[in-house]
1. Exactly one condition in (1) buried (at least 20 other Cβ atoms within 10 Å of the Cβ); (2) over 25 Å from residue 74 (Cβ atoms) is false for residue 203; which is it?
2. Does region 198-215 hold any residues that are in contact (Cβ under 8 Å) with a residue 24 or more places away in the chain and in contact with a helix residue (DSSP H, G or I) (Cβ under 6 Å, 6 or more places away or on another chain), and which are they?
3. Quick one: residue 123 ticks every box in (1) at pLDDT 85 or above; (2) in a strand (DSSP E or B); (3) out of contact with any helix residue (DSSP H, G or I) (no Cβ under 6 Å at 6 or more places or on another chain); (4) crowded, with 19+ Cβ neighbours inside 10 Å bar one, so which box is it?
4. When you go through 364, 369 one by one, which is the residue that is modelled with pLDDT under 95 and in contact with a helix residue (DSSP H, G or I) (Cβ under 7 Å, 6 or more places away or on another chain)?
5. Assess whether residue 162 counts as being on the phi < 0 side of the Ramachandran plot and not assigned by TED's automatic domain parsing to the domain that holds residue 368.
6. If a residue has to be part of a helix (DSSP H, G or I), surrounded by fewer than 18 Cβ atoms within 10 Å (Cβ to Cβ) and in contact with a strand residue (DSSP E or B) (Cβ under 9 Å, 6 or more places away or on another chain) to count, how many in region 161-180 make the cut?
7. Taking residue 336 and the conditions (1) under 14 Å from the mean Cα position of the chain (by Cα); (2) farther than 25 Å from residue 186 by Cα, which numbered condition does it fall short on, given that it satisfies the others?
8. Against the condition at pLDDT below 95 and out of contact with any strand residue (DSSP E or B) (no Cβ under 7 Å at 6 or more places or on another chain), how does residue 379 come out, does it pass?
């Protein structure tokens, strides 16, 4: 792609210039991070109560390996599946996800007491038979939680109560973009292109399942049945006809009583990484990536994402005409701004056989292992994994607390 191509009038981001930015631009510490004699302390929070617990552990393993220990002190905090906060081990090998190993936070460790006051930012540890001890003051939290009870605005609200800075989007953007129903409502309200869909609430399904299935049939076949508030392809089924629909809905309801059913769109799956702008500047779009399932799966499901690397081909940069790539980036940045996102997001689109770009969804805390698409796209754009982690922390440190 030509480096000197002109941006369209009014375009808020120039995708092709990202890769040519000097790395020094990312290496400048914010004034806040160097104000004191000590290094900023980053609490890495992972695990959680959602079905994506293991994915979160794997993400934390990648970040803990790559974060610059010369720049930051790190406190690993695990949230067990029952919601207990504990001091976690830094044994990153135990946190990695593979076909033979599903990681999990051990909830038997020393409990962590979370600060809820704007005047106290120290974590305290509570051990049986001993008074609470101070673990350390936290400058920024890196919440590597995926799915409900973490990515959905809940931990963001907890941190807001104590005026603690954190990486990523705030309460509203996190909550709304976690819910595929209201995500689509927001995008449609901003004039962004989305595909046809049907929402099935718990009440509607309990009252009249036949009516819900009739509504889905109006979309045509195939359809994708999804939990409204889950990620990592958990609970998703591709349904090719009415005979399999009820089972697919019940499967999705195991993860969330609210279900979204989307019309199948024939096209290429294209992803774009978005970063918040510096000093009030516009969001930045990465080089684009493309996902192609080459064998063994009907779609990009959980196993294809995390356990069967040979079944999937990830291409970055995606091979697209310049005008299509520009349109994907424009839509990705527009979605980021429409949602009110902060820090980071991955935006997924379809490029159809008719030449249309359709916005699928936005992920406010995307998969963040070194092999995940979001870091890969930024590495292709000139920002390696460790530098990307640093950039996100610096953006969080520079952001004011409270209403903004």
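1. (1)
2. 198, 199, 200, 205, 212, 213
3. Here residue 123 clears every test but (1).
4. Working: 364 fails: modelled with pLDDT under 95.
Of the residues listed, the single one that is modelled with pLDDT under 95 and in contact with a helix residue (DSSP H, G or I) (Cβ under 7 Å, 6 or more places away or on another chain) is 369.
5. Values: on the phi < 0 side of the Ramachandran plot: yes; not assigned by TED's automatic domain parsing to the domain that holds residue 368: yes.
Yes.
6. Within region 161-180, the first condition is being part of a helix (DSSP H, G or I), and the residues that meet it are 161, 171-178, 180.
Checking the rest, the ones that are also surrounded by fewer than 18 Cβ atoms within 10 Å (Cβ to Cβ) come to 161, 171-172.
Within this subset, residues satisfying the condition of being in contact with a strand residue (DSSP E or B) (Cβ under 9 Å, 6 or more places away or on another chain) are 161.
Here the count works out to 1.
7. (2)
8. On the way: at pLDDT below 95: no; out of contact with any strand residue (DSSP E or B) (no Cβ under 7 Å at 6 or more places or on another chain): yes.
No.
The values are calculated or read from the model by the stated rules, or taken from the named source; none is laboratory data. This one's a predicted model, so the numbers in the text were calculated from it and none came from an experiment. Cβ atoms come from the backbone with ideal geometry, glycine included; neighbour counts cover every protein chain shown.
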